[in-house]
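Below: the structure, in structure tokens.
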Amino acid sequence: MSKQRLYLYDTTLRDGQQTQGVQFSTAEKVQIAKALDTLGVDYIEGGWPGANPTDSEFFETRPDTKATFTAFGMTKRVGMSAENDDVLSAVLNAGTPAVCLVGKSHDFHVEKALGITLAENTENISKSMAHIVAQGREAMFDAEHFFDGFKSNPDYALEAVKAAYDSGARWIVLCDTNGGALPNEVRNATEAVIAAGIPGDHLGIHTHNDTEHAVANSLAAIDAGARHVQGTLNGLGERCGNANLTTLIPMLLLKEPYASQFDTGVTLEALSGLTRISRMLDDVLNRVPTKQAAFVGASAFAHKAGLHASAILKDPSTYEHVDPSTVGNARIIPMSNQAGQSNLRRRLAEAGIEVEKGNPALARILDRIKEKEADGYSFDTAQASFELLARQELGQLPNFFEVKRYKVTVERRKNKRDQMVSLSEAVVVVKVGGEKKLSVSESVDETGSDRGPVNALAKALAKDLGPYQNVIDDMRLVDFKVRITQGGTEAVTRVIIDSVDGQGRRWSTVGVSPNIVDASFEALLDATIWKLVHDGATPI
């Protein structure tokens, strides 16, 4: 049986930008659009031309893509023709081959929010779609609040979407704008739209995640016959976000009945880059990736429990629903005091360290892990520090440099505006190949803001490592977590640091001390040494 075509529509650059705290620059939009194109989505919605300078600039400089670029706007306003509506004209002037307009399909919103009659709204939809088609563009209609409208007044909700379809719209997209619909409601309403005369191969779905059902609701619409699905990378979007394409896409390619029923623009080869693209977006946003994210999260294929880890060694399918490599992710078997020797050998092998069964060093490594976790360390969240500990016990840890001393000072002083500000300064002295090197760094960023003592330490440590400098120049700290593991006057601080490099690698290290600066420096030091080991630096 031949597969049916299912179209993927990405709205990261428009709906995703409505996420609280997200504002893409034009250059970032270009970067994301190129990544989406390599993934193989069918449509890339670039934004709302004329709504803000960034969106307008992006449409002028958008990259060439195989995906169909789409401009977003709204249906014409009452009292003017589609040809004379300046807002609609700005959308068309972006010159995209496709145009998506949002319009009301809920009678409550028509009468209360717009303050117009239902008939006037229907005319706005019809005239707007017809105008887009007359301009030779592919027309799409986002039926805002469709599922709420269908429950309130199904006759009018159907009238609104049929008006768009009858006026030439290629896609009628049913929107769960408030994110409150449930899968059975979405399926029933989608089936009703098809029964009313709009075929499934002209029907799309756009869901929000306010009840954690955005992906399930999208699949429910597809099950009912919709053949166009909208979403965003990493589930960006207003409030709780949109349907997450990094979950939806692998579901459609790897899970039945979707894998055998549908053909999308995404190939299995492109799917293997999904994790990289997901983390690229988080890097653009300067935020920490969600570890528990389905398919692409760092913990998506992590197996800590001894029973799970033992079974995974025999057959990964015992506790994995898909092979992590299909989405570009990796299996992780964290090391903790729950681990056994078989688990340990597997984890060492994944780090490129082969240790034969029965090697006495295995027992020593496990003993050290237990001792250090009793002191407050956590190796299940700091794989890089675990690896260094194991290498040290196996006699495989090179001695690249020696830290002679370090110091951090924090000063409070008045600036030129007579405001009290902080300034952190760090001094690090290392010995590399018999030569001492002293580095001093302040924690002030390019805006003049103080980034704190750990930032100053990280900058000082990475400032001058002599012959190793070219190895660590592409390394940077991206996350810093602190936890107090004991209370009272004998409190112990655990610091977990996440680092990344230009090769896209991400690794975590841990430090523990009653002093937060010492704990931080220990984690920073481990991060640097791990980088040198994995880039094959030669000890001097």
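The values are calculated or read from the model by the stated rules, or taken from the named source; none is laboratory data. What you are looking at is a predicted structure, and each value in this text was computed from that prediction instead of being measured. Here the Cβ is made from the backbone with ideal geometry for all residues, glycine too, and neighbour counts use every protein chain on show. Protein only, heavy atoms only, side chains kept; ligands, DNA and RNA dropped before computing areas. Shrake-Rupley method; radii C 1.70, N 1.55, O 1.52, S 1.80 Å.
Here are some notes:
- Rounded accessible area per residue of the chain, 1.4 Å, Å²: 44
- Fully extended contour minus Cα-Cα distance, from S449 to R239, at 0.36 nm per residue: 72.7 nm
- A protection proxy built from the mean count of other Cβ atoms within 10 Å ranks the segments 8-15, 81-88, most packed first, as 8-15, 81-88.
- If you wrap the tightest convex hull around every Cα atom of the range 474-538 and split its volume per residue, you get 71 Å³.
- Accessible-area rank, largest first, for T264, T38: T38, T264, with all protein chains present and a 1.4 angstrom probe.
- Each label point was placed 7 Å from the Cα along the Cα-to-Cβ direction; for S2 and R405 their separation is 7.9 nm.
- Spatial separation of Cα centroids for the range 15-66 and the range 386-418, in angstrom: 40
- The range 31-107: C-alpha gyration tensor shape, a/c 1.5 cut-off, then a/b vs b/c: prolate
- Distance between modelled label sites at L114 and D86, nm, 7 Å Cα→Cβ extension: 2.1
- The magnitude of the dipole of the chain, with charges of +1 and -1 set on the Cβ of Lys/Arg and Asp/Glu and taken from the Cα centre, is near 1760 debye.
- Global geometry of the range 375-438, whether rounded, prolate or oblate, following the gyration tensor of its Cα atoms and the 1.5 cut on a/c: oblate
- Our summary gives the range 26-74 a relative contact order of 46 percent, counting only alpha carbon pairs under 8 angstrom and 6 or more residues apart.
- Helical content alone sets the calculated 222 nm signal of the chain at -11000 deg cm²/dmol, taking -39,500 (n - 2.57) per DSSP H segment of four or more residues and averaging over every residue.
- Anisotropy class of the chain from Cα gyration tensor, a/c 1.5 cut: prolate
- With a simple spin-label model that places each label point 7 Å from the Cα along the Cα-to-Cβ direction, the separation between V22 and K431 comes to 5.1 nm.
- Using 0.36 nm per residue and subtracting the Cα-Cα separation, the extra length available between S422 and K291 on full extension is 43.9 nm.
- Accessible area of the range 128-221 belonging to carbon and sulfur atoms, whole % at 1.4 Å probe: 47
- Antiparallel DSSP beta bridges within the chain, as percent of all bridges there, nearest 5: 50
- Computed extension gain for Q396 through A361, at 0.36 nm per residue and net of the alpha carbon distance, reaches 11.4 nm.
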